[in-house]
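The values are calculated or read from the model by the stated rules, or taken from the named source; none is laboratory data. As the structure is a prediction and not an experimental result, all values here were calculated from the model. Note: ideal-geometry Cβ built from the backbone for every residue, glycine included; neighbour counts use all protein chains shown.
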Amino acid sequence: MTDNRPQPAPEELARLRAVADELAEVADRQQEHWKVEITDGQVTVMMMSPSGQHGVNVLRLRRQIEQQDAGVAAFSDTDTEDPVSGLRKVPDLMIVPESEVDAVGARVSSRVVLLAAEVVSPSNPRNDLEVKARDYPAMGIPVYMIVDPRKGDGMVYSESSQGPDGICYRKAVPYTFGDRIVVGPWTVDTSGFRMYQD
């Protein structure tokens, strides 16, 4: 499958990776947490200042998946990069097969990620709701879960395939906090998810 967006030339991709790596090194030396991502031929740097509710939602999702499946490992705020497109993201949570953990280097290959999950940021919701919903299927990530504490709902995307609009998720299942939902091979109880005003 291919993405209809123009792909950077190998030299441009190498340059983008070098810039992103250099910025990530600078970010690692700061007191604040920063995310460095590559999207649409650009390197973006975002300051991370997750709230307590954000962290609780990631923790509760992570625990449920790990309790159901000993064959997976969960990573939070860890780089994943697509070796094909060069897209690089830092999901709030990603699930990979336990068998791939020893192969993880500086970044997790997006081609082994089973699930990416994002808790929507109140300061930049477009990144989670639009940009990552477009980029994750192009990166080969089969399931993308959005948790939106602003409104107490979310979406589970799956079944990506190539179409006239490129590689996109073809199935989108909305949910409301409190629902029991299917997320890939797992069942998630969202009743413990927290809204930002809680």
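Exactly one residue out of ARG107, ARG88 is farther than 23 Å from ALA172 by Cβ, in contact with a strand residue (DSSP E or B) (Cβ under 6 Å, 6 or more places away or on another chain) and surrounded by 24 or more Cβ atoms within 10 Å (Cβ to Cβ), and it is ARG88. Suppose we filter THR2, THR44 for residues that are touching an Asp or Glu at 6+ places or on another chain (Cβ under 9 Å), at pLDDT below 70 and either hydroxyl-bearing (Ser, Thr, Tyr) or assigned to a loop (DSSP other than H, G, I, E, B) (or both); which single one remains? Checking each option against the conditions leaves just THR44. The number of residues in region 85-121 being within 11 Å of the chain's Cα centre (by Cα) and among the hydroxyl-bearing types (Ser, Thr, Tyr) comes to 1. Here the condition is being farther than 17 Å from VAL58 by Cα and in contact with a Phe, Trp or Tyr (Cβ under 8 Å, 6 or more places away or on another chain); of PRO164, PRO137, PRO149, it holds for PRO137 alone. Can you find, within region 87-108, the residue that is modelled with the highest pLDDT among those that are of a type in the set (Gly, Ala, Ser) and either in a helix (DSSP H, G or I) or under 16 Å from LYS132 (Cα atoms) (or both)? Checking each candidate, the answer is SER99. Failed condition for GLY163, given (1) closer than 29 Å to GLU100 by Cα; (2) at pLDDT below 95; (3) not aliphatic (A, V, I, L, M), with all others met? Going through the list (1) closer than 29 Å to GLU100 by Cα; (2) at pLDDT below 95; (3) not aliphatic (A, V, I, L, M), GLY163 breaks only (1).
Would you check which residues across region 60-77 are over 13 Å from the mean Cα position of the chain (by Cα), surrounded by 14 or more Cβ atoms within 10 Å (Cβ to Cβ) and among the hydrophobic types (A, V, I, L, M, F, W, C) and list them? Of everything in region 60-77, those that are over 13 Å from the mean Cα position of the chain (by Cα), surrounded by 14 or more Cβ atoms within 10 Å (Cβ to Cβ) and among the hydrophobic types (A, V, I, L, M, F, W, C) turn out to be LEU61, ILE65, VAL72, ALA73. Just to be sure I understand, how many residues within region 149-178 are closer than 18 Å to GLU118 by Cα, part of a strand (DSSP E or B) and in contact (Cβ under 8 Å) with a residue 40 or more places away in the chain? Of the residues in that region, 1 qualify. Scan region 67-86 residue by residue and report those that are small (Gly, Ala, Ser) and not in a strand (DSSP E or B). Listed by number, the residues that qualify are ALA70, GLY71, SER76, SER85, GLY86. If you go through region 186-198 and keep only what is part of a loop (DSSP other than H, G, I, E, B) and surrounded by 14 or more Cβ atoms within 10 Å (Cβ to Cβ), you end up with PHE193, ARG194, MET195, TYR196.
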